[in-house]
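See below for the structure under consideration.
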Amino acid sequence: MGLRMFRILIHFIRKGSHKIRLMPFKVTFFFLLLLWYSSTGYLYFEMQAKPDLKISDTIWWAMVTMTTVGYGDFFPETAGGRFLIGIPTMILGIGLLGYILSEVASRLIESKSRRIHGMAETKFHDHIIIVNFVGMEKILKLMDELSRDPSTRSKGICLIDENLDELPAMLDDRDVDFVRGNPTTESILRQAGLPDASHALILARNPTDPHSDDQNLATILMIEHMNPQVISVAECVDPTKITQMEAAGCDSVVCVSELSTNLMVQEMLDPGVKQVISEITSNTFGQQIYIVPLSAMKDWNYSQLTAWACSKNLLLMGLQREGRVYLNCSADFVVKPEDRVIVLAAERPAPVQA
């Protein structure tokens, strides 16, 4: 029996040896075949001398021998067990197992390299896409803000950039996916999982160059074309481009230069405004502004809604209606079911139900 099994094993190895390098799964098959040959052969030759021997013991011996560990708790004592089973297991096992382990290691390294260099598809769904790497400090700040809100805390993040050679280690440690390429290209956006994304943040590549808006405008057009349901927020350098970006379908456009000008004037007239704005626009400390929907409510006016907000330890600031904002409304201002409530709170409140 031992000679027959040995001939079968040698026949398969000779027949497939020229394809081993091209077909790793064939090496795995040979390894499993050798494992079966070694364990059953050991059991066959050594059973008579060791009646308590079990198949689990022989499999253990075969694996220990192939890995060259050699604990010595089991070893063949018969000539057939040593020469027909033991020696082939030692010679062939270490080669086959070594090949399998090296193949697994190389595939893992290749997968890691593809991910770091932006060549792999994102693994995330219902995630956030950040377009353009504009500096580590700003990206980390964005991620910190997103991690503080319950609605975005558990979402994955995929970064798209065409100039970044590889994903920085700090972002890799935070499990950020990276896609290298032009964000106006459909294939790149698909690689970043845009059809399954929930949010898209389009950053200005150069906050001082108005031409950054041109690429962002093209990016917005592609994003809205591929996934109209995604919530898109774009950073704008030139205030005159806000209307164009909104016309392209962007849900919200933030013009930093315009905001900074307004803030400087307000801070000059009323010192301390900057501190207030810093707190209410950050998720990392203090109170924040939230805009929540009205899921169910009575026929209220603004004063009644204010009383309700006070009972929930919320500060009512105003209402959002059809894209417009109404702040500090009059007491008899009628609240409509489709309105959204603007409140100041320590954490995101649930939709208004009253």
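Computed from the coordinates by the stated procedures, all read-outs in this text should not be read as laboratory data. Predicted model, so just to flag it, every value in this text is computed and none were measured. Here the Cβ positions follow ideal geometry from the backbone for every residue, glycine too, while neighbour counts run over all protein chains shown.
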Relative frequency of Cα-Cα separations exceeding 21 Å in the stretch 51-162, percent: 61 percent
Separation of alpha-carbon centers, the stretch 105-142 and the stretch 298-354, rounded to whole Å: 40 Å
Positive-end extreme of charge dipole, the chain - chosen from Leu344, Ile129, Tyr99 (charges on Cβ): Tyr99
The chain: angle of helix 24-46 to the longest principal axis, Cα-based, in degrees nearest 10: 40 degrees
Dimensions in Å of the stretch 128-260 - Rg and Dmax from alpha carbons: 13.8, 39
Dipole magnitude of the stretch 287-353, debye to nearest 20 (Cβ charges: Lys/Arg +1, Asp/Glu -1, about Cα centre): 100 debye
GNM top mover of Val237, Val253, Val104 - the chain, alpha-carbon springs below 10 Å: Val104
Per-residue HN-Hα couplings for the stretch 322-338 [Karplus 6.51, -1.76, 1.60; θ = phi - 60°; Hz; x = Gly/Pro]: 6, x, 9, 10, 10, 9, 6, 5, 5, 4, 8, 4, 7, 8, 9, x, 7
On Cα atoms only, tilt of 256-269 relative to the major axis of the chain in degrees: 50 degrees
Residue-averaged [θ]222 nm for the chain, counting only DSSP H segments that reach four residues, each worth -39500 (n - 2.57): -14000 deg cm²/dmol
The stretch 287-353: C-alpha gyration tensor shape, a/c 1.5 cut-off, then a/b vs b/c: rounded
Cross-link reach list, lysines versus Lys141, counting only Cα pairs under 22 Å and skipping chain neighbours closer than eight places: Lys155, Lys274
In Hz, Karplus ³J(HN,Hα) per residue of the stretch 200-206 (6.51, -1.76, 1.60; θ = phi - 60°; x = Gly, Pro): 9, 10, 9, 8, 6, 4, 10
Rh by Kirkwood over Cα pairs, then Stokes-Einstein D for the chain at 1.002 mPa s and 20 °C, µm²/s: 82 µm²/s
GNM result for the chain, Cα springs below 10 Å: residue of Pro195, Pro337, Pro228 fluctuating most strongly: Pro337
Contact order relative to length of the stretch 59-130, as percent, for alpha carbon pairs under 8 angstrom and 6 or more apart: 27 percent
Sequence-distant residues sharing a close amide H with Leu159 (under 5 Å, placed H): Ile130, Asp177, Phe178, Val179
Dipole of the stretch 29-136 [Lys/Arg +1, Asp/Glu -1 at C-beta], most positive-end residue of Met63, Ala120, Phe83: Ala120
